[in-house]
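Engineer: Dropping a structure here in structure tokens format, bear with me for questions.
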Amino acid sequence: MSKMSKKRQNEDQGKELKRKKLLSEVARGKLQFLMPDHPDFKSLMREKYFNFAHEPCSCIPTSLQEELPWALNILHHHGYFYRDWVKVKGQTVQTPVSRTLIGEPETTYKYLGLRLFAIPWCFGDHQVESEVELACGIIGKLNDHFKAVSRKLLLERAAEKTEPESCISQGAAQSPLHHSPNEETKSCSEQKPTTCSPSIEEGTDFNVVLINYMDPKDPDLRLKAEPYYGMGPLAVSWHMDSNLVQGSTVAVYNHTCSSDGDSSSDSSDWMVGLKVSWDIETPGVVVPLQTGESYFMLGDLNDTHQHCVVAGGQARFSTTHRVADCCQGTLPYIQRRCKEALSNLGETENGEYKLTSLAADHLELTETIHNEVEFEWLRQFWMQGSRHAVERKSWVPAMEHLEADWHKMEHMTKLAVEEANVLDDEEGSAIAEVLLPHLEERQKLRQDCLDKFSPKILETMHADFLPIHRPKWEDDDLSRPLPFDLSNIISNMRLVTKHGKKSCISDSESSDSDYHS
Ligand SMILES: O=C(O)CCC(=O)C(=O)O
Ligand SMILES: [Fe+2]
């Protein structure tokens, strides 16, 4: 076993032990949580949840306070919220909360295996054309405001520390962010690895807002009870927000929908729960949220603590403002990658495609990008259905352009497969060795997409949300360079590799490749 996998195995065993201990404590009913009315709440917050801030309605300007409920209801009214199909422990499951993503143009945010494509909050030169665009603009305004509030809160927290060095010696869980202006100019790819904190500006430069909506009275929902402390029914289970710039803040605006005149309605509060990750000594906390209030997980709180959301009695929206780590998650990024891949595609004098170089690293790069654009972008976009695409009309031409680039990469794979077959043993097998793992991965991931939804789930889905498998074609479609099903090509490449030649010399004659020529 390699050192890396041994280390991972030890870590997994460590986590499993901690989980067992945690569950046995739970079984003994020992885990405690505090609410704000508890006499020790304030000191616990100071000591163990220092980077949590809970702010009243007045932290948002009155005009914006008035616009926000309108904006959220417009998005809801136009059907922009839906329950995402995500992967949890290899299973496709639907989130209890409905969601939508608003953000910087051309930005995406990936969570639990699903890439969300942001609806932009600004529109370049063109005038706002619809209520929905106006609503997104209002969310953008709140986002700008939250940047300023978060920066102020972080500076206040930093000032509260009497000795500046103490934030280092007290460990990561308590460290507020440092202001390090010379890091601000660094580009994404130059950013230091995850152990260093971003500057205050970087760590609050929210680029996406994931908005949640849930009506607890929805009869389709069956909420699970919070399992460790008995906090109540969970709208969002314990988690850390993923795919964020490490050490960056998350800001949340909470809006509950009043149900005037309905005396039977349950008026229990929505609450956010927090706990220190992997810690059963420190009590958890749960903080009730009134409509219009906000809370902030400042600096590294999200990296060291977990949070959950306990459902209240009424329908509720929350806007969660994040600094998504989108080094590999923006449209310009994937467009650059495609350009890089296509730089190895040339033309012969007769105007036919040819590969400029057959060097392993060039082929390797093209095949990697081929899979990246197909599975991280094209299929992720179309699998979310027709309504998703209509709502994201600004993304559609970009997706079509990426698909045209991908189509050229299909030609490139075909050319490489042909070269592997015609070149002499040594060169041919070197090409096949490079291609094989990528082709196998492509084949597996295509099948995973086809299998993502069981027939039972598909039966219950509204037509607007049915997955679109795009690109998809019949294996004998001659307009395509290669078949959709790559099994024959994979068998052919296996035979061309040195290993394949040695073990299957006798039947190599009968294994004609079956791709389109
Ligand atoms: O709704 C909230 O207060 C937070 C939701 C949350 O944790 C999430 O969307 O990741
Ligand atoms: Fe979260």
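Engineer: Can you compute the helix-only [θ] at 222 nm over the chain? Use -39500 (n - 2.57) per DSSP H run of at least 4 residues, normalise by all residues, nearest 500 deg cm²/dmol. Intermediate results must be reported in sequence, preceding the final value.
Structural biologist: Values: 15 runs with 199 residues, N = 517.
Roughly -12500 deg cm²/dmol at 222 nm, from the helical runs in the chain.
Engineer: Would you calculate the separation in nanometres between label points at His239 and Glu418, each defined as 7 Å from the Cα along the Cα-to-beta-carbon direction?
Structural biologist: Each label point lies 7 Å from its Cα, and together they span 4.6 nm.
Engineer: Continuing with the same structure: Would you mind checking the tilt of helix 3-27 against the longest principal axis of the Cα atoms of the chain, expressed as 0 to 90 degrees and rounded to 10?
Structural biologist: So the inclination is approximately 30 degrees.
Engineer: Could you give P(r) for the chain, binned at 20 Å from zero, as whole percent values over all Cα-Cα pairs?
Structural biologist: The distribution over the chain is 19, 48, 28, 6, 0, given as percents.
Engineer: With a cut-off of at most 13 other beta carbons within 10 Å, and DSSP calling the residue loop, which trypsin sites (Lys or Arg not before Pro) in the stretch 373-443 qualify? Please list them.
Structural biologist: Filter output for the stretch 373-443: Lys393.
Engineer: Right, here's the next one. Taking the chain as the reference, fit the longest principal axis to its C-alpha atoms, fit the long axis of helix 62-77 to the helix C-alpha atoms, and give the angle between the two in degrees, 0 to 90, nearest 10.
Structural biologist: Value to nearest ten degrees: 50.
Engineer: Follow-up question, since we're still on this one. Note down the accessible area of Trp238, probe 1.4 Å, to the nearest 10 Å².
Structural biologist: For Trp238, the solvent-accessible surface is approximately 40 Å².
Engineer: Give me the number: length gained by fully extending Lys87 to Gln9, i.e. 0.36 nm times residue separation minus the C-alpha to C-alpha distance, one decimal in nm. Could the numbers behind the result be given before it?
Structural biologist: Working: separation 78, 0.36 × 78 = 28.08 nm, distance 2.24 nm.
Contour length minus the Cα-Cα distance gives 25.8 nm.
Engineer: Are there GluC sites (Glu not before Pro) in the stretch 300-378 that DSSP marks as loop and that have at most 10 other Cβ atoms within 10 Å, and which are they?
Structural biologist: Details: sites: Glu340, Glu347, Glu349, Glu352, Glu364, Glu367, Glu372, Glu374, Glu376; in loops: Glu349, Glu352.
For GluC sites (Glu not before Pro) across the stretch 300-378 that sit outside H, G, I, E and B with at most 10 neighbouring Cβ atoms in 10 Å, the list reads Glu349, Glu352.
Engineer: Label points 7 Å out from Cα along the Cβ direction at Lys354 and Ala159: separation in nm?
Structural biologist: Simple spin-label model gives 6.9 nm for this pair.
Engineer: Between Trp270 and residues 5 or more places away or on another chain, which pairs have amide H atoms under 5 Å apart, with H built 1.01 Å from N, and which residues are they?
Structural biologist: Residues meeting the criterion, in which the H sits 1.01 Å from N, are Leu289, Gly312, Gly313.
Engineer: I've got another one for you. Could you work out how far helix 396-422 tilts from the main Cα principal axis of the chain, as a 0 to 90 degree angle to the nearest 10?
Structural biologist: 40 degrees
Engineer: Sticking with this structure for a sec: Can you list which of the GluC sites (Glu not before Pro) found in the stretch 67-133 are DSSP loop residues with at most 11 other C-beta atoms within 10 Å?
Structural biologist: Values: sites: Glu67, Glu106, Glu129, Glu131, Glu133; in loops: Glu106, Glu129.
Those that pass, being in a loop and sparsely packed, are Glu129.
Engineer: Further, regarding this structure: Using a Förster radius of 30 Å, what is the FRET efficiency between Leu134 and His469 based on their Cβ-Cβ separation? Nearest 0.05, please. Could the numbers behind the result be given before it?
Structural biologist: Details: r = 34 Å, r/R0 = 1.15.
Approximately 0.30, to the nearest 0.05.
The values are calculated or read from the model by the stated rules, or taken from the named source; none is laboratory data. What you see is a predicted model, and the numbers here were worked out from it, not measured in a lab. In this analysis, Cβ positions are derived from the backbone assuming ideal geometry, glycine residues included, and neighbour counts consider all displayed protein chains. Areas reflect the complete protein model, heavy atoms only, side chains present, ligands, DNA and RNA absent. Shrake-Rupley method; radii C 1.70, N 1.55, O 1.52, S 1.80 Å.
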